[in-house]
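No value in this document is a laboratory result; all are computed from the given coordinates. The structure presented is a predicted model; accordingly, all values stated were derived computationally and were not measured. Virtual Cβ from ideal backbone geometry, glycine too; neighbours counted across all protein chains shown.
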Amino acid sequence: MQNTSLQFKKQVTIKLADVKLQDALSRLQSRFVEGRSAVISEIHDLQETRTAAAAIRDRVLNDLEHWLLHFEQQATTRGAIVHWAETGDDVNRIVAEIATQHGVKTAAKSKSMVSEECGLNDALELAGVAVMETDLGEYILQLAKEAPSHIVAPVVHKNKEEISDLFAEKHQLPRKTGIAELCREAREVLRPAFLNADMGISGANFLVAETGSVLIVTNEGNGRLVTTLPRVHVAITGIEKVVPTLEDVTTLLRLLPRSATGQSITNYVSVLTGNKNKEDHDGPQHFHIILLDNGRSSLIGGEMQEMLRCIRCGACMNHCPVYQNIGGHAYGWVYPGPMGSILTPLLGGLEKSPDLPNASTFCGACAVVCPVKIPLPDLLRKLREKQMQRGMKSRQETLMLKAWAWLALHPNMYALATKIGVRLMHTMGGKEKLLHTLPGASGWTDGRDFPAPSGQTFRELYQRRTHK
Ligand code: SF4
């Protein structure tokens, strides 16, 4: 997928003015935020479980080569073929070679963000393989020729009416409006694709080192059909997804669906181990697993390694006030929200996405909900520091930061400046107590009003409180 993060500010302006998008994004609150809140309390030892999950991920990351080689050895013993891909292009080449080797003409695919990272579908089409997305959201996006806007709910930016129009146009069938009818129509179109596909392509939520298994977590049956019906199965994932044992996976599974979709458990948890044996009724005759690096190994041992703990639940974006207002496409690459604002610069280069580390209010909600305790605001701050060190900030921003630093080092001047500032802003707020424009900060006030301060500084309010 092409990285358009350099256009972030322009894309934000368009997304904030998109009424349909704003309506679609309002569903995030009820569907994901409230959904998570309703089930996360089922884990009575939540903080201990998050700490344990983070420790499992760190144990792997601190000795990644060992666990990957252990996974490869176990997977190979059970009949799978493991491939190593340094870049997205390598993934595309390997899949195309597998397709040629097995005479593949059609492929059915379940959701895989790593394949989006590589632009796999376009590469396979060029190689003469027709690819059908079978995850309902991804199928809708394939029809609409759009990219996912969320890592768990890729089509969250579209409403039902848009999907009804799209199906009527592309399927050439009478327009349906009910969700059940639309799903049935998609199922009828997709079912032959599963049955006729020569190759199934999936991602992986986890790679289990002790058994050499690929584990996928889904809510639609498509994952199982894609990985068991076609004679060739190719699983593609990042090298960081390995987990030592199935026991470790159970800890992560207590957190993943609850954090992602507000479910205690998803409809399907599939553990795929090896290719089809004589005694098996189904399963692929050929099972290939492709492990992608694409810059991940360069984070090992560095100050950003914690980002590789990510289990792609999407909770950070669901709870992010920035994502909630602009959606995923504005971020310009596969990974949106707080995790994307870190991963995209790390994997694609800070210079190619300079605005992303700044697309955060530092409210900290992402870190509070992250099931593997990634300190997302700290990592964003580190990226901002790197920008400062590399001279990537504008002259205006650098001057403002220098002025702020000077004031912070001179408490009396700071007190005077804030006193003047809050009184001025209080007056500007008028009876409404809202600022519709703020000189030098139109980026804030273009999209929303700024609440006027009370007219007193925090120090004044605090002093009054302590003297009562
Ligand atoms: S950073 Fe944390 S909250 Fe965000 S997707 Fe990854 S695991 Fe989930």
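Side notes on the structure shown:
- Straight Cα distances below 27 angstrom link residue 276 to the lysines 105, 109, 111, 241, with same-chain residues fewer than 8 positions distant left out.
- Cα centroid separation, the stretch 437-464 to the stretch 62-93 (Å): 53 Å
- Beta bridges per DSSP, both residues in the stretch 42-297: antiparallel share near 25 percent.
- Along each principal axis, Cα extent of the stretch 395-466, largest first, Å: 38, 32, 15
- What the pair-distance distribution of the stretch 297-429 shows, using all Cα-Cα distances binned every 10 Å from zero, is 11, 35, 30, 19, 5, 0 percent.
- A DSSP coil position with no more than 16 other Cβ atoms inside 10 Å describes the following GluC sites (Glu not before Pro) in the stretch 191-249: 210.
- Unpaired Cys in the chain, meaning no second Cys C-beta under 4.7 Å: 118, 183, 310, 313, 320, 363, 370.
- Neighbourhood net charge (13 Å Cβ-Cβ; Lys/Arg +1, Asp/Glu -1) for residue 73: -2
- Cα centroid separation - the stretch 187-213 against the stretch 217-277, whole Å: 10 Å
- With contacts taken as Cα pairs under 8 Å at a separation of at least 6 residues, the chain carries a relative contact order of 21 percent.
- Seen through its C-alpha gyration tensor, with square-root eigenvalues sorted a ≥ b ≥ c, the stretch 42-297 comes out oblate because a/c lies at 1.5 or above while a/b is not bigger than b/c.
- 13 Å beta-carbon shell around residue 276, net charge (K/R +1, D/E -1): 0
- In the stretch 276-371, Rg over Rh equals 1.13, where Rg is the alpha-carbon radius of gyration and Rh the Kirkwood radius from pairwise Cα distances.
- Gyration tensor (alpha-carbon) shape descriptor, the stretch 1-82, a/c threshold 1.5: oblate
- Cα convex hull of the chain - mean projected area over all directions, nm²: 26.0 nm²
- HN-Hα J in Hz across the stretch 278-289 - Karplus 6.51, -1.76, 1.60, θ = phi - 60°, x for Gly and Pro: 4, 7, 7, 7, 8, x, x, 6, 10, 10, 10, 10
- Within straight-line cross-link reach of residue 386, lysines at Cα separation under 18 Å, skipping those fewer than 8 residues along the same chain: 352, 402
- Other-chain or far-sequence residues with amide H under 5 Å of residue 263's (modelled H): 258
- Members of 145/170; 20/158; 9/158 lying beyond 18 Å, as alpha-carbon distances in this model show: 9/158
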